[in-house]
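Below: one structure, written as structure tokens.
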Amino acid sequence: MSKQTHKGSRQEEKLKIISSVKGPVAHMMPEDIGKLVVHSSKISGYLPITPSYATDEIGVDNVKVLMATDNLISFESFRSKGAIDAAHSHPDHYSVAYQKQGRVKMQIGKETFTVEEGDTYFHPMGIVHQHEALEDSVRIETKIFPNGGAVAAWNELVGIEE
């Protein structure tokens with residue numbers, strides 16, 4: 001097999017990861033599903049979620065999904081000052097978040113941090129964590145699902161049944 005053919009087949013495999021998502025992705029524009037480039041910057045507003053781990057938290061986070069594949073979900077989340085979620089963990093994914101605006105009190109495991117605009121944080125799979133908005137805040141978060149199933153898990157997490 002030539003280097004070019006091998007390189008081409010690897011590229012095709014990489015593209016399958018994104019384009020394989022065909023079904024609905026909760027809080028993502030239907031026309032953006034399966035695209036390599038999503039122009040989320042053109043989408044205004046956020047949609048409230050009701051997380052499956054705390055159904056009384058309607059609208060604690062308001063989100064817009066930026067990108068979805070079978071192994072990751074990336075979203076922008078708005079949380080108003082004073083909003084706090086239930087301490088919870090996720091057995092199926094890791095999360096990396098960038099604090100775009102505002103300040104948040106963040107508990108990860110037994111440690112508590114004040115996360116400020118421009119900071120990045122990580123919580124491992126299965127670790128208890130909790131967010132409390134000290135100010136109106138916006139974060140960009142990417143959830144990484146090493147075993148796949150990101151879209152189904154996301155839809156369940158945000159209270160949408162497939």
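Please treat every number below as a calculation from the coordinates, not as lab data. Quick caveat: nothing in here was measured; it's all calculated off a predicted structure. No Cβ is skipped: glycine too gets one built from the backbone with ideal geometry, and neighbour counts run over all protein chains shown.
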**OP:** Pop a pseudo-label 7 angstrom from the Cα along the beta-carbon direction at both HIS39 and ALA87 and give the gap in nm to one decimal.
**Re:** 4.5 nm
**OP:** Mind listing the long-range amide H neighbours of VAL128? Cut-off is under 5 Å, sequence gap 5 or more, other chains count too, H placed in the peptide plane at 1.01 Å from N.
**Re:** GLY109
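With a 10 Å radius around each residue's Cβ, average the other Cβ atoms per peptide and rank 90-97, 138-145, highest first. Intermediate values should be presented prior to the final figure.
Working: 90-97: 17.2, 138-145: 19.2.
Order by mean packing, descending: 138-145, 90-97.
Determine the gain in length on full extension of the stretch LYS100-ILE144; use 0.36 nm per residue of separation and subtract their C-alpha separation, reporting nm with one decimal.
On the way: separation 44, 0.36 × 44 = 15.84 nm, distance 1.93 nm.
Length gained, LYS100 through ILE144: 13.9 nm.
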**OP:** Net charge near MET125: determine it from the other residues with C-beta under 12 Å of the C-beta of MET125, scoring Lys and Arg +1 and Asp and Glu -1.
**Re:** 0
**OP:** For the stretch 78-85, just list the computed ³J(HN,Hα) in residue order, Karplus coefficients 6.51, -1.76 and 1.60, θ = phi - 60°, integers in Hz, with x standing in for Gly and Pro.
**Re:** 9, 9, 7, 3, x, 6, 9, 9
Original post:
Using mean Cβ contacts within 10 Å as the protection proxy, how do 110-123, 73-86 order, highest first?
Top reply: 73-86, 110-123
Original post:
With θ set to phi - 60° and the Karplus curve 6.51 cos²θ - 1.76 cosθ + 1.60, what are the ³J(HN,Hα) couplings of the stretch 145-157 in order, to the nearest whole Hz, using x for Gly and Pro?
Top reply: 9, x, 9, x, x, 4, 5, 4, 5, 5, 4, 5, 4
